[in-house]
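Nothing in this text is a laboratory measurement; each read-out follows from the coordinates by a stated rule. Note that the structure is a prediction, hence the values are computed from the model and not measured. Positions of Cβ are backbone-derived with ideal geometry, glycine not excepted, and every protein chain shown enters the neighbour counts.
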Amino acid sequence: MSLNHIHGVQYTPSTVSNAASIKAEDLETLGIGNKLSGAPWSSANRLQAYVRLTWMDLTSLVRYRAIPVSYFLKMLKSPRPGAAVGKCILGMVNVGFAEDFSLMGEYLYVIDPTTLRLCPYEEGIASVLGWFQEKAPVLGLDGHPTLEVEVCPRTILHRVVEHARKKAGVEFLVGFETEFILLKSTNPIEAVSYHDYSASSGLPTGSIESRVLREMSDALIKAGIEVTLYHPEVAPGQYEIVTGPLLPLEAADALIHTRETIINVAVKHGLKATFAPRVYMSSPGSAAHTHISVHSLNGPQKPIDALSAVEASFIAGVLKHLPAMAAVTLPTPASYKRVMDGVASGGTFVCWGTENREAPIRLTNAKSPGSRNFELRFLDGTCNPHLALALILASGTAAILDHEELTMKDCPGPRSAAQLSATEREALGITERLPLDWDSARANFASSAIVDETFGRELKVKYLSVNKLLGKTLEQDVTELERLTRILYRFIGLSRGVPVVEFWFCCTKSFPVRPLKMSHRKYEAPRHGSLGFLPRKRAARHRGKVKSFPKDDPKKPVHLTAIMGYKAGMTHVVRDLDRPGSKMHKKEVVEAVTIIETPPMIAVGVVGYVETPRGLRTLTTVWSSHLSDEVKRRFYKNWYRSKKKAFTRYAKKHAEDSGKSTARELERIRKYCTVVRVLAHTQIRKTGLSQKKAHLMEIQVNGGSISDKVDFANGLFEKPIDVSSVFEQDECIDVIAVTKGHGFEGVTHRWGTKKLPRKTHKGLRKVACIGAWHPSKVMFSVARAGQNGYHHRTEINKKIYRIGSGEDEKNASTEHDITKKAITPMGGFPHYGIVKNDFLMLKGSIPGTKKRVITLRKSLMVHTSRRDLEKVQLKFIDTSSKFGHGSFQTFEEKAAFLGTLKARA
């Protein structure tokens with residue numbers, strides 16, 4: 001048996017190359033700009049191609065500008081090909097700028113052709129990096145004219161690498177492990193899978209995660225980035241892609257391309273890939289472990305049994321300045337939730353150890369000089385790799401130049417530094433810890449001499465400034481869950497608004513968790529109940545009032561914006577969900593729906609409004625010639641005594657002037673008004689309700705000119721308004737109604753206050769102080785007994801699943817369920833009865849009790865989300881009895897099953 005212990009792939013700076021570098025003229029032959037497949041070549045069917053001019057700013061956010069290949073080739077003919085960018089671009093966080101950045105001045109972002117790579121994950125796309133430079137020469141720090149910019153991350157790293165090669169005679173190779181979590185959903189947080197470390201169940205054949213990881217690896221290899229392996233990690237949905245070593249600048253460039261590839265391939269498959277440091281607090285976080293090997297240009301070969309002199313000095317320098325590097329390698333407050341002792345993150349003590357994953361620096365392949373390297377475990381996916389490598393390599397190079405000795409002893413285990421006693425750690429030379437929070441890391445960074453030497457004053461000040469703004473932005477939320485959500489979205493490639501979501505901790509292995517800050521109940525439950533609907537008083541009217549109508553667009557056809565109906569009840573439907581990316585996509589779902597009976601409304605008038613400094617003011621109201629008794633009842637408390645004289649003067653006036661006054665008032669509306677609304681009432685007699693008094697409301701007319709609106713409203717006089725003329729299927733609308741009343745109730749049920757535990761005696765239902773000494777009154781925001789329910793509420797974005805016709809005896813049938821049945825369930829809707837008229841089927845529940853009048857309004861917002869634009873195809877509508885547990889959909893089905901009843905025999 002051979003005892004040769006040399007192992008691992010042997011890499012040297014002379015054998016690695018940036019294989020991704022392609023020539024601009026080769027873009028077409030390598031897949032950019034190819035002709036359409038299967039079609040003869042011509043300029044007409046040629047696929048347009050683009051090059052993304054990419055950079056990473058000081059907050060680690062990747063930005064790019066897409067340039068057509070034709071123009072990109074023209075740019076390369078310039079002596080300094082590039083694009084102008086504002087100097088503020090490096091200091092942006094969302095839409096704000098850090099305090100040391102302004103909108104004045106521009107850099108020239110000069111293209112670096114050696115970084116040109118294909119983006120195989122999207123057809124016709126390539127990517128290229130560059131250098132931030134001044135447009136015209138300026139005096140540098142040495143007093144000589146220069147074009148270099150002191151805040152360009154790639155320039156800083158290039159300068160450090162060249163300094164190490166020329167002054168110290170060393171070169172470095174760098175490789176990265178990129179850890180990330182694949183999510184199916186971000187609200188709530190749901191990982192694509194749950195698996196063990198490197199378990200085959202994490203990448204089963206045919207699964208979406210297996211296809212995604214395979215495509216990521218293929219895309220990186222096609223782009224010229226060597227992939228050594230990929231596998232499932234420990235946390236839910238966590239995976240790792242390891243790329244081969246390159247020279248430092250090329251390695252950092254390749255890491256940016258790797259992250260972009262991971263994000264874009266995940267999005268292609270409806271997933272989200274996040275580099276957030278720690279999504280699940282019960283599992284390890286995601287890091288960016290960095291492997292560095294040190295190679296002397298002219299020195300002796302590396303010994304087998306010990307570190308070489310340059311390796312020892314290098315690691316001594318990194319350990320010396322490790323606390324100052326954290327602000328760059330762990331740049332966000334969330335980064336310090338990953339770096340803890342005992343969670344396989346590298347720990348918090350400044351030390352190194354052979355094959356010790358609980359040390360910030362792990363020496364791996366110690367006895368194999370050709371593959372020996374240092375794994376730096378104190379970096380995560382939120383750092384800028386160019387800045388992080390620049391600071392790490394500068395620290396090691398300075399120690400090599402000073403011939404520093406490695407005095408700290410190896411800490412190989414089996415116990416980690418955190419498990420050793422203070423005396424044992426001191427014996428090994430372990431005396432310092434990494435900063436445990438973001439503020440401490442920034443303080444160490446600000447006072448570090450190596451930072452001044454490497455970054456210079458300008459970059460140091462600007463980095464601290466933009467890092468401060470980033471940290472405050474990520475920490476602006478009150479609760480820990482909201483903060484985790486924000487950091488998740490920041491490093492997931494999404495830019496939309498950040499919802500507050502619930503995080504599911506679904507790992508079977510338990511890890512120690514740092515106690516959350518602000519655990520006092522004043523942060524957890526600062527008050528009882530919501531302040532969003534104060535005061536909690538009875539609604540002033542039984543019908544929901546429209547307080548604002550949708551914005552008018554004169555370019556659209558004239559149309560009504562609202563209608564009224566009566567709540568009949570609820571049932572459920574079955575349909576196939578058409579929502580790519582959802583776990584229920586193309587699967588059957590059961591959803592609750594509300595049925596609202598909407599008999600045609602009758603237009604009986606028009607109101608014109610003029611705009612004044614204090615808002616809209618009524619100019620005039622025009623009524624139709626005839627009004628039905630059911631709407632006349634609305635104007636009188638005692639209809640029996642009033643009906644003989646009701647509206648007699650009004651009717652006489654219309655009979656005498658033959659409509660001249662109506663025409664005159666309509667002309668005034670055309671001339672002076674800016675808003676036109678139709679007066680319309682319900683036909684409550686057509687429902688099964690016992691009420692005889694119709695409900696009357698104003699409905700705003702939108703679209704077209706004022707003259708068009710008046711003609712439209714006049715044409716509706718005394719004519720029915722069907723719900724199908726106002727709304728369409730699959731449209732999202734707003735529901736305005738009054739909730740179910742519960743009368744006067746106590747503070748416990750009304751505000752949700754908790755009953756205190758035993759032995760509290762008289763304070764059993766107390767809710768704390770009822771107010772300050774000034775103002776000397778009890779505010780309505782204080783939890784107290786009072787009216788509960790019968791509140792005015794508006795619910796937005798209720799999707800219409802069906803607009804049914806009352807004349808259709810099959811208005812509850814579908815293409816899959818062709819049974820002849822009406823929407824009314826067997827036995828009728830409880831407390832309502834039979835739906836005889838047109839109806840709306842809305843998703844979910846709505847406020848109010850059965851029989852209550854409901855105001856339905858067109859949505860105030862424009863819907864663009866995939867959920868709102870989804871086309872709904874119902875497969876089944878339940879019409880079984882709602883009294884008890886109904887078993888039959890129709891009376892015919894019941895008769896066929898039970899046979900003839902004795903009473904009818």
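The table for this structure:
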read-out	value
Efficiency of FRET between Y640 and K660 - r from beta-carbon atoms, R0 51 angstrom, step 0.05	0.90
For the range 113-242, Kirkwood radius (reciprocal of mean inverse C-alpha pair distance, Å)	18.5 Å
E667-T612 pseudo-label distance in nm [points 7 Å out on the Cα-to-Cβ vector]	2.5 nm
Pairs from K545/K843; K551/K843; K692/K821; K567/K875 whose Cα-Cα separation, in the structure shown, is over 26 Å	K692/K821
Restricting the range 822-856 to trypsin sites (Lys or Arg not before Pro) in coil, as DSSP defines it, with at most 11 other Cβ within 10 Å	none
Shape of the range 296-421, Cα gyration tensor, a/c cut at 1.5	oblate
Once the Cα gyration tensor of the range 627-724 is diagonalised, semi-axes √(5λ) in Å	27, 20, 10
Nearby aspartates and glutamates by direct alpha-carbon distance to K135 (threshold 15 angstrom, same-chain neighbours under 8 apart not counted)	E106, E148, E150
Cβ-based charge dipole, the range 368-481, positive-most Cα from L406, N444, L469	L469
Which listed pairs, of K799/K882; K537/K858; K302/K367, have C-alpha distances above 19 Å, in listed order	K799/K882; K537/K858
Square roots of 5 times each gyration tensor eigenvalue, C-alpha, the range 385-494, largest first, Å	31, 23, 13
Modelled FRET efficiency - R0 30 Å, I6 with N298, Cβ distances, 0.05 increments	0.85
Protection-proxy order for peptides 227-237, 776-786, 801-811, each taking the mean of Cβ atoms within 10 Å per residue, highest first	227-237, 801-811, 776-786
Partner aspartates and glutamates for K337 [C-alpha distance under 12 Å; skip if fewer than 8 residues away on the same chain]	D380, D437, E480
Burial ranking of peptide ranges 335-347, 731-743 (average Cβ count within 10 Å, highest at the top)	335-347, 731-743
Pairwise FRET efficiency - E731 versus S805, Cβ, R0 = 22 Å, nearest 0.05	0.85
Pairwise centroid distance, computed over Cα atoms, of the range 108-164 with the range 728-752, Å	59 Å
Extension gain, D196 back to R538 (0.36 nm per residue minus Cα-Cα distance, nm)	117.5 nm
Pairwise centroid distance, computed over Cα atoms, of the range 690-723 with the range 588-610, Å	12 Å
Selection from I156, N264, S293, by position along the positive dipole direction of the chain (Cβ)	N264
Peptide ranges 386-393, 654-661 listed from the most packed, as the mean C-beta count within 10 angstrom indicates	386-393, 654-661
